[in-house]
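What follows is a short report on a single structure.
The values are calculated or read from the model by the stated rules, or taken from the named source; none is laboratory data. Predicted model, so just to flag it, every value in this text is computed and none were measured. No Cβ is skipped: glycine too gets one built from the backbone with ideal geometry, and neighbour counts run over all protein chains shown.
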Amino acid sequence: MENKSTILKLSFVGLLSAGLLLFFFASNKSEPYTDLAVLNCHCPPGFKLNEDNKCIAKNLYQQYDSPNNLGVGGLQTGLPEGRDGFTPQEIDLGRYLFFDPVLSIDGSMSCATCHEPHKGFSDGLPTSIGKDNLKLDRAAPTLWNVGYLNRLFWDGRANSLEEQMETTLFSEVEMANTPENLLNTLNNIDNYRRLFAEAYPERGKNKDIELAEIYKALAAFQTSLVSLNSKYDQYAHGYHEALNEKEIEGLNVFRSFVARCAECHTPPLFTNQQFAVIGTPEPDGLPLDPGAEIPFADKSMRGAFKVPTLRNIDLTAPYMHSGKFETLREAVEFYTKGRGHAVPKDEKLYIHWHIWEPQLTDYELDRLVDFLKTLNDESFMPKIPEALPSGLKITNQQTLIP
Amino acid sequence: MKSTLFKIIGGLLLLAIGVFLGRTLLSSSGESTVPMPSTMQYRNIGHSGDTTQVAQRKEFTGQIIEVKKGGSIQEAVKAANPGDLIRVFPGTYSENVYIDKDDISLQGVVIKGEWPTLNGNHKINDAFLYSGNGILIENFKIINYKGNGIMGQAGNNFIIRNNWIIDTGVYGIFPQFGKNGLIEHNVLSKIADAAIYVGMCDNIDVLHNEVFDSVAGIEIENSRHCLVENNYVHNNTGGLLAFITPGLPIKTAFNIIFRNNFVVNNNHPNFGAPGSTVASIPPGTGILIMAADDVIIENNIITGNKNTGITIVDLATGDPKANDPNSEGNPDRVVILDNIMFDNGNDPTGEIKAIMLTQLDSKGPDIFAYGGGTGSTIRDKNRYRTFGLDGYGPAQIEDTKDIKTFMLNAPVPPRSVTDQELGEITYYGVCAGCHAFGTTLIGVDTQIIKEIYVDNPQGIVNYITKPLNLRDDYPEMPPQDYLSEEAKMAVAKYILQMTN
């Protein structure tokens, strides 16, 4: 009895003093205090912590070589060089930032607004919605396995995740922030000051948050989005029972030189990371998207887009750069409808040589769809934070529905 | 008298025994005399050309699986294990055979001119599609497919030999992303793109093939270290090609030898699919070098090609429509050694015709070079009719007789991972989705698993193969039976030695 009451008394005193401390030190801040866990000191799945506190990528494709080390080939081919070596704390900090709408100018959008975890890190829209409900020009690409890509955006205009996010954060039609305002905002949130100091201990506790730290943490989190454990992968590693007969038929259509899907959507990433003009139609009323012609200042790339990965493709409808096709079936059917059949009459595009007239049957198209669905794998889905360091709510409620 | 009788009887007896023995022992059926396929042979480097000593060769250690008329080659492949030989007897097989296993050999057995024939009826995409290493495919007749006769996607150390391939769609033989391969003694015709297409490969020999009535005969594209020798290449639109095609992930083509080939009368009208790279090859093209570097053309017989004998162009000239800033588009350091060339260019077409007319010449040249490129040389420029070879200096080599092969002197080894590494990548690459050491994610803490199964890796293997839901507070674990036995044991042992 006595012991218990002592403990009670002590904890009461403790709570009181903690409350007082909080009152004095936090009361001048406007945002509500949110109790947050410290940053995760474990690597996310798919990574091993090394002695230098870095997360090193580990996956079954490391059993295999890849021709000329480019990460394109057949079933048992290694991946291209990817990004890893971030600390668990950086990755976890990046996770909070990714979901936090405080990154946008008016607190309305986070990265996850257009890259929702449960929509394949895309948004389910033909083209994304930007600031003030503005309809943007292109679809949000998936972020699964984005750490292995050497060019970002549909038109490939960014060479790194850092470059990519700089554009998005500060684009007037997207998150519309400014570097000054973003820094100012984050540096005025104690939680973030504490978390950044934890993720970047070597730079001293009291230093201000810097842009490079924000970029690095966001990049770190995105590289942790790894999807390499689909049914297809089980087949590729030698367990042939992983796919049923129809799915295997689909795989064989996929890689045959009639359909030629695998020529550009090459395993193991299901992209060869090249640009291709395939001549898909735009949704009604939209003009032709010049694509990579603009950043590369090259007429021959008019209408060219980066070949997207097909991993988790079943989760990211609608399809193509402006979401013209609502279903996978429509998307695969496009390729058998004739070379250049959807190119506007007044346009001359240099359609990729692999686009031809394969005369795929309905049966084959159905099998292709069966196969594409075997590329689903969300087993390394990250946890969505329960509370955000900014105290803001996670904007998109759909995100919370698994 | 007696002894003579004995001798006669003895002689007759011996004869009878001899006939009996001969009948029973020597008159075996045709089938059992099928020789084993000869496998890849690796000679020691540095050996002089007069030795045939083989340092290493693959031995057949597996089962022989026979497929007879009415059977299915694919079913045999499904049943086969690495090291097995699948023998296919005469008959017509309308299937798409895919081989996602290593070290499988497929040998057709031709009996009295009857071939095992794969017939796609213009409906099936590919006859053979492989992704494994160490694949051997020989003695098949392959006809009427839509895509390819034989296509490889990755797969090193392959042999494709003695196949008779007619009208199999886009390509006849098409290894892609392969290293160390041999394509020999195949006869191919009526292919709408390249009959033999070596794409994004390394260290390939293409020897003793006959290739005709196709758009492109033998095409070496975005590949390195390829020897194309002793082939008879006739009546295609273009005969021998060394290309860089822009927009592919592997962007170089160099160190290619065209040697001792007949490149004759390649004047077939172009029937390539609209938009394909080969659709723009003018009929009458003997050899075409586009953007490839370090190509040596030696001792070929190049005659009767109506447009040109040899055309050498850069990408900007040859394929201006697809730009790729990462592909270097100039053919550099082309070497033309002794070749027999006559009767080429009798009826030039298109741009070459126009360019030659500016030279007041109505014939196409033996050798035509146009566009960029540096360092190219020719051994005896005077003997040929040439255009655009002003920059070509004298060749610095006389021949390539020291190069016997571009294949490797040992098979490309599979990347080897230790059990420890296999355990590690399996743990972090698969198990870590639900388990972590010292903390609970979705499944049980790995540390607890480790403590339960001390010295009992097999216990872990058994559990993960067929998990039982032992704990109410955890979700049911999906079986990990798709992992190989090797990987399961490796990861079990890995877990047992983890410390953090």
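When B:PRO282 is tested against (1) within 20 Å of the chain's Cα centre (by Cα); (2) more than 14 Å from chain A (Cβ to nearest Cβ); (3) not β-branched (Val, Ile, Thr), exactly one condition is not met: (1).
Of all the criteria given as (1) of a type outside the set (Val, Ile, Thr); (2) away from chain A (no Cβ under 14 Å); (3) surrounded by 12 or more Cβ atoms within 10 Å (Cβ to Cβ), the one not satisfied by B:PRO414 is (2). Considered as a group, the residues in region B:384-400 that are in contact (Cβ under 8 Å) with a residue 40 or more places away in the chain and among the charged types (D, E, K, R) include one that is surrounded by the most Cβ atoms within 10 Å (Cβ to Cβ), and that residue is B:ARG385.
Restricting to region B:176-192, what's the tally of residues that are touching a Cys at 6+ places or on another chain (Cβ under 6 Å) and closer than 16 Å to A:ARG260 by Cβ? Residues flagged as touching a Cys at 6+ places or on another chain (Cβ under 6 Å) and closer than 16 Å to A:ARG260 by Cβ within region B:176-192 amount to 0. Taking (1) charged (D, E, K, R); (2) surrounded by fewer than 24 Cβ atoms within 10 Å (Cβ to Cβ); (3) in contact with an Asp or Glu (Cβ under 9 Å, 6 or more places away or on another chain) in turn, A:GLU210 satisfies each apart from (3).
Does A:PHE275 qualify as being within 11 Å of chain B (Cβ to nearest Cβ) and free of Cβ contacts under 8 Å to residues at least 60 places away in the same chain?
Details: within 11 Å of chain B (Cβ to nearest Cβ): yes; free of Cβ contacts under 8 Å to residues at least 60 places away in the same chain: no.
No.
Does A:GLY338 satisfy the condition of being farther than 21 Å from A:SER256 by Cβ, among the small types (Gly, Ala, Ser) and either away from every other protein chain (no Cβ under 12 Å) or in a loop (DSSP other than H, G, I, E, B) (or both)?
Numbers: farther than 21 Å from A:SER256 by Cβ: no; among the small types (Gly, Ala, Ser): yes; either away from every other protein chain (no Cβ under 12 Å) or in a loop (DSSP other than H, G, I, E, B) (or both): yes.
So A:GLY338 fails the test.
Could you list, in sequence order, all residues of region B:121-142 that are part of a strand (DSSP E or B) and either within 10 Å of B:TYR98 (Cβ to Cβ) or in contact (Cβ under 8 Å) with a residue 40 or more places away in the chain (or both)? Give the derivation first.
At the first step, the residues of region B:121-142 found to be part of a strand (DSSP E or B) are B:126-130, B:136-138, B:141-142.
Of everything in region B:121-142, those that are part of a strand (DSSP E or B) and either within 10 Å of B:TYR98 (Cβ to Cβ) or in contact (Cβ under 8 Å) with a residue 40 or more places away in the chain (or both) turn out to be B:ASP126, B:ALA127, B:PHE128, B:LEU129, B:TYR130, B:LEU136, B:GLU138.
Within region A:227-263, being in contact with a Lys or Arg (Cβ under 8 Å, 6 or more places away or on another chain) and charged (D, E, K, R) holds for A:LYS246, A:GLU247, A:GLU249.
Counting only residues that are more than 7 Å from every other protein chain (Cβ to nearest Cβ) and out of contact with any Gly (no Cβ under 6 Å at 6 or more places or on another chain), region A:58-70 holds 1 of them. Among the residues making up region B:98-120, those that are buried (at least 19 other Cβ atoms within 10 Å of the Cβ), of a type outside the set (A, V, I, L, M, F, W, C) and not in a loop (DSSP other than H, G, I, E, B) are B:TYR98, B:SER105, B:GLN107, B:GLY108, B:PRO116, B:THR117. Here is the figure for region A:236-279: residues that are outside any strand (DSSP E or B) and more than 23 Å from the chain's Cα centre (by Cα) total 28.
The listed residues are B:GLY272, B:GLY309, B:GLY284, and the only one of them that is surrounded by fewer than 24 Cβ atoms within 10 Å (Cβ to Cβ) and modelled with pLDDT of 90 or more turns out to be B:GLY272. Within region B:84-138, the set of residues being within 14 Å of another protein chain (Cβ to nearest Cβ) and at positive phi comprises B:ASP103, B:ASN121, B:HIS122, B:GLY134. Output yes when any residue across region A:351-361 is surrounded by fewer than 21 Cβ atoms within 10 Å (Cβ to Cβ) and away from chain B (no Cβ under 11 Å), and no when none is. No, region A:351-361 contains no residue that is surrounded by fewer than 21 Cβ atoms within 10 Å (Cβ to Cβ) and away from chain B (no Cβ under 11 Å).
All conditions but one from (1) of a type in the set (A, V, I, L, M); (2) away from chain A (no Cβ under 11 Å); (3) surrounded by 14 or more Cβ atoms within 10 Å (Cβ to Cβ) apply to B:LEU422; the one that does not is (2). Residue check: is B:GLY149 small (Gly, Ala, Ser) and within 12 Å of chain A (Cβ to nearest Cβ)? The answer is yes for B:GLY149. Is it the case that A:ALA242 is in contact with a helix residue (DSSP H, G or I) (Cβ under 7 Å, 6 or more places away or on another chain) and not charged (D, E, K, R)? So A:ALA242 fits the description; yes.
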